[in-house]
Amino acid sequence: MIEGHKAIAPPKGAAIWDIDPYAPEILAKPEAYYAELRAKGPVVFIPKYGILAVGRFAETKEVFSDYSRFVSSRGVGLDDFKHTRAWRPPSIILEVDPPEHTRTRKVMIKAMSPRVAASQRDMFMQTAETMIDDLLTRDSFDAVAEFAESFPTTVFPKAVGMKDGNPRHLVDYGAMVFNSLGPDNPIRQASLGRAPQIIAWITKACARDRLLKGGMGEMLYKAADAGEITQEEAGFLVRSFLSAGVDTTVTAIGNALYCLGRNPQEYDKLRAGPSLARACFEEVLRYTSPVHSFCRTANLDTQVSGIAIKESSKVLCVLGSANMDPDKWGDPENFRVDRKPQGHLAFGVGVHGCVGQNVARAEMDAVLTVLAQKVSRIELKREPVWRPGNAMHALDSMQIRLHHV
Ligand code: OVM
């Protein structure tokens, strides 16, 4: 056992690569690691953890979407739930397989339908306007703490209908959930170290009596009233909102400001045609892959691109690398707001593909549309600093100035 999973032997024909994909310097600056991973072969063996890794577009998509061979129920991080106790009761949507997954997913699809996302649009727009108006008065500020974190932690609790939305706890809980997917390294330890207090707060916040009528949280309890899920399951699905809805959108906003600050000519294209906001977001997702990797576990002996994969193998699916594969994208290194990168893997793919993507897109659409209206230039005041995360590729700090139109 290494890190809560069964270490496998190198499969015949697989490249062996002595690297730690969870080393902080790689997580902070992953581009060279992505390129080398793709160059090594379709399936690569990593001795440090006794796992496999895929980073070419085709194999990453194959492993990530084939839920019958590559299951999520054994955990989507390095821990194999068949051999190790999960650090929290597993998610009843992320960490399950069909057919169980289908029932809970259906309830979540309804709670975050395009119609629900559209009904939040005015609130998202008003918040973006107020926030950006205020930031325009500042000489410079940290885009992570004062924009990327503030926007989702303001609008998301409202969309869910939380009576009390503690921004610090929401951000820290997201970090716990995503960093727990890696090995037992200092990154994971630092996040889980804050666990007991935050878990207690999160658990309380998921209860029905903490949720306002009309929010997405209450919709889950209504699905329970209708017999689609149990009341207890409704609470767990609210927990999924809070696990997956904050850190992801915080990261996406920071990464968007990074892309647009570094590529002023692309930002000018967005200003000239604010209807590019949606396309711009997809390109930010492809180019920065906020969720850079998730695992699957082989549930049987199988093979991928001619490489034999043994039952119990953990497969690290490097979404960030697949989204930079030149065989798929041609010129992946160029950030182009009008690329429209159909089929990028930043939201995953297949039955587990991000169920909140309508809400995420509505939030980003508001942020990018208001930026394009009010801001002529996003000036990076200092070299941005990335924050190593076991599953998330996020900024730690980025001093910027927003200029008036
Ligand atoms: C959940 C959950 C947690 C993290 C991520 C996620 C990307 C879901 O608790 O269901 O989806």
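The values are calculated or read from the model by the stated rules, or taken from the named source; none is laboratory data. All values reported here derive from a predicted model rather than from experimental measurement. Please note: Cβ atoms are built from the backbone with ideal geometry, for glycine as well, and neighbour counts cover all protein chains shown. Quick note on the areas: whole protein, heavy atoms, side chains included, nothing else; ligands and nucleic acids left out. Shrake-Rupley method; radii C 1.70, N 1.55, O 1.52, S 1.80 Å.
Data overview
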item: Ordering of 92-102, 316-326 by packing [mean C-beta count within 10 Å, highest first]; result: 316-326, 92-102
item: In Hz, Karplus ³J(HN,Hα) per residue of segment 361-376 (6.51, -1.76, 1.60; θ = phi - 60°; x = Gly, Pro); result: 5, 5, 5, 5, 4, 5, 4, 6, 5, 5, 4, 4, 6, 9, 10, 7
item: Local net charge near Gly320, Cβ-Cβ under 12 Å (Lys/Arg +1, Asp/Glu -1); result: +1
item: Ranked order, Lys269, Lys12, Lys158 - accessible area, probe 1.4 Å, largest first; result: Lys12, Lys158, Lys269
item: Segment 214-254: translational diffusion in µm²/s, Stokes-Einstein, Kirkwood Rh over Cα pairs, 4 °C, 1.567 mPa s; result: 119
item: Geometric extent, Cα atoms of segment 148-218 - Rg, Dmax (angstrom); result: 13.3, 41
item: Cα-based Kirkwood hydrodynamic radius, the chain, one decimal, Å; result: 21.5
item: Rounded to whole Å, sorted largest first: equivalent-ellipsoid semi-axes of segment 260-390, Cα gyration tensor; result: 33, 15, 14
item: Part-to-part distance (alpha-carbon centres) for segment 73-115 and segment 356-405, which is given in Å; result: 29
item: Label point distance in nm, Ala32-Asp331, each placed 7 Å from Cα along Cα→Cβ; result: 2.5
item: Full-stretch length increase - Ala58, Arg208 - with 0.36 nm per residue and alpha-carbon distance subtracted; result: 49.7 nm
item: Restraint check, Lys340/Lys381; Lys82/Lys163; Lys48/Lys310; Lys6/Lys106; Lys106/Lys328, Cα-Cα greater than 25 Å; result: Lys340/Lys381; Lys82/Lys163; Lys6/Lys106; Lys106/Lys328
item: Net lengthening on full extension, Leu136/Gln342 (0.36 nm per residue, minus Cα-Cα); result: 70.8 nm
item: Reachable aspartates and glutamates from Lys374, criterion Cα separation under 19 angstrom, eight or more residues apart if same chain; result: Asp122, Glu129, Asp133, Asp134, Asp139, Asp142, Glu146, Glu266, Asp268, Glu363, Asp365
item: Two-site label geometry, Ala308 and Ala86: point separation in nm, points 7 Å out along Cα→Cβ; result: 3.2
item: Gaussian network model of the chain, Cα within-10 Å springs - most flexible of Leu371, Leu237, Leu212; result: Leu212
item: Placed amide H near Ala308: partners under 5 Å, 5+ positions off or other chain; result: Lys12
item: 12 Å beta-carbon shell around Ala279, net charge (K/R +1, D/E -1); result: +2
item: Amide H partners (placed H, <5 Å) of Gly4, local residues excluded; result: none
item: Stokes-Einstein diffusion coefficient of segment 1-119, Kirkwood radius over Cα pairs, 4 °C, 1.567 mPa s, in µm²/s; result: 78
